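What follows is one structure encoded as structure tokens, with my remarks underneath.
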Amino acid sequence: MTVSLGMPALPSTRETLPPRPLGEDGLLDRFGRVATDLRISLTDRCNLRCTYCMPAEGLPTQPANQLLQADEIGRLTRIAVQELGVRQVRFTGGEPLLRKDLVDIIAACAALEPRPEISLTTNAIGLSSRAAALAAAGLDRINVSLDTVHAATFLQVTRRPFLERVLAGIDAASAAGLTPVKINAVLLRGVNDDQAADLLAWSLERGHQLRFIEQMPLDADHAWERDTMITAAEIRGRINERFRLEPDEAPRDGAPAELFKVFSPSGGPSLGLVGIIASVSEAFCADCRRTRLTAEGGVRSCLFSHTETDLLGPLRSGASDAELADLWRSAMWAKPAGHGLDTGDFVQPERTMSAIGG
Ligand code: SF4
């Protein structure tokens, strides 16, 4: 059942879709893209209050019984991997470390044949005591959200004095072999945009791979403005104040981040890689390979979707694997061409980033 998320009717959602080709097992969409990268939000709860995501008082969250349980996540991930061709699974949130059963969820995913690549997007609070167990359970990679290494700025952006806990979590991830640790950073004008080169130097010294992400219109306050957003071009400019960049030759393969080799202005070997995820100003939707599940079991074909296809209801009502797989295929067949931010008729979705995950 497709759920419309309290949105004015957008012509594109009413167009008649061409019939989905029969016999196509994968998550094909009508623009010929095939999703193989599954992002699963495990909770809508978070222990930070980032200004570009949610208000200081936080957001209402769903009761636990309305969220996917570990066995339900296991079943849907198995269907995705064994029936639908998914090869990468990323667990996100809210904050996934708030799930006490996270190790079990990852272990179940790692036991799948074929084994998908498993990653986690987290703010790393509490990771220092769990990194080893997560790696032992089968976690392959980790992305940590960190916008600054300055305590005062961290407090200003997240409204929590937890920088040291995050840094301890990152060190524990490195020690557990979850390397290279990927650092996801959002630059805010007049807040931390003057710290871009600092953050890159800090990451390079530790062998982490930093990726700057353009701020996206997925905040609860709907305060996002394109004119105040720091663009990819500006990010490159900030980096070039202290480093020299060269595009990385490796194929991008639908990955959100455009990678660059980083050099010192005085020359010498590459110091490492940096990525820029320019979702807004240099969109990469034409090669998008992502499919998403919300913590309530809804398929979102795009980060900016205005509709979701509920799988949890049918699952709890006894639907078969084949029926769930077909619902998922149909949801992805209807995937929009892109986020529409560059078309002028963009409308911000109701669901916020804290309830979708990166
Ligand atoms: S905005 Fe949607 S279509 Fe574009 S890259 Fe993101 S998820 Fe894919």
Task: Pairs where the first residue, in the stretch 173-196, is in a helix (DSSP H, G or I) and the second is open to solvent by 40 Å² or more (accessible area, probe 1.4 Å), C-beta under 7 Å, 6+ apart - done: 193/238; 195/150; 196/238
TODO: Would you mention how many residues in the stretch 74-92 are touching an Asp or Glu at 6+ places or on another chain (Cβ under 9 Å) and within 16 Å of residue 290 (Cβ to Cβ)?
DONE: 8
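Given the criteria of a type in the set (A, V, I, L, M, F, W, C) and more than 11 Å from the ligand (Cβ to nearest atom), does residue 319 qualify? Spell out how you get there, then give the answer.
Numbers: of a type in the set (A, V, I, L, M, F, W, C): yes; more than 11 Å from the ligand (Cβ to nearest atom): yes.
Judged against the criteria, residue 319 is a match.
Which one of 45, 39, 20 is modelled with pLDDT of 95 or more and in a loop (DSSP other than H, G, I, E, B)?
Unique residue meeting the criteria: 45.
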TODO: Could you run through the stretch 273-311 and say how many residues are in contact (Cβ under 8 Å) with a residue 40 or more places away in the chain, away from the ligand (no atom under 12 Å from the Cβ) and either of a type in the set (Asp, Glu) or open to solvent by less than 20 Å² (accessible area, probe 1.4 Å) (or both)?
DONE: 13
Open item on the list: Suppose we filter the stretch 97-107 for residues that are surrounded by fewer than 20 Cβ atoms within 10 Å (Cβ to Cβ), touching a helix residue (DSSP H, G or I) at 6+ places or on another chain (Cβ under 9 Å) and assigned to a loop (DSSP other than H, G, I, E, B); how many remain?
Closed with: 1
- [ ] Restricting attention to the stretch 108-140, report how many residues are surrounded by 18 or more Cβ atoms within 10 Å (Cβ to Cβ) and not in a loop (DSSP other than H, G, I, E, B).
- [x] 13
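Please find, within the stretch 320-335, the residue that is farthest from the chain's Cα centre (by Cα) out of those that are in a loop (DSSP other than H, G, I, E, B) and closer than 14 Å to residue 292 by Cα. Don't jump to the end; show me each part of the working.
Step one: list which residues in the stretch 320-335 are in a loop (DSSP other than H, G, I, E, B), which gives 320, 334-335.
Checking which are closer than 14 Å to residue 292 by Cα leaves us with 334-335.
Details: 334: 21, 335: 17 Å.
Going through the qualifying residues, I end up with 334.
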Open item on the list: So if I check each of 94, 85, which one is modelled with pLDDT of 95 or more, under 20 Å from the mean Cα position of the chain (by Cα) and surrounded by fewer than 18 Cβ atoms within 10 Å (Cβ to Cβ)?
Closed with: 85
- [ ] Would you mind telling me which numbered condition in (1) assigned to a strand (DSSP E or B); (2) more than 15 Å from the ligand (Cβ to nearest atom) residue 223 fails?
- [x] (1)
Task: Unmet requirement for residue 144, which otherwise passes all of (1) within 19 Å of residue 81 (Cβ to Cβ); (2) assigned to a strand (DSSP E or B) - done: (1)
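The values are calculated or read from the model by the stated rules, or taken from the named source; none is laboratory data. What you see is a predicted model; the values in this text were computed from it and never measured. Cβ coordinates were reconstructed from backbone atoms using ideal geometry, including for glycine residues, and neighbour counts include every protein chain displayed. Calculation scope for accessible area: heavy atoms of the full protein, side chains included, ligands and nucleic acids excluded. Shrake-Rupley method; radii C 1.70, N 1.55, O 1.52, S 1.80 Å.
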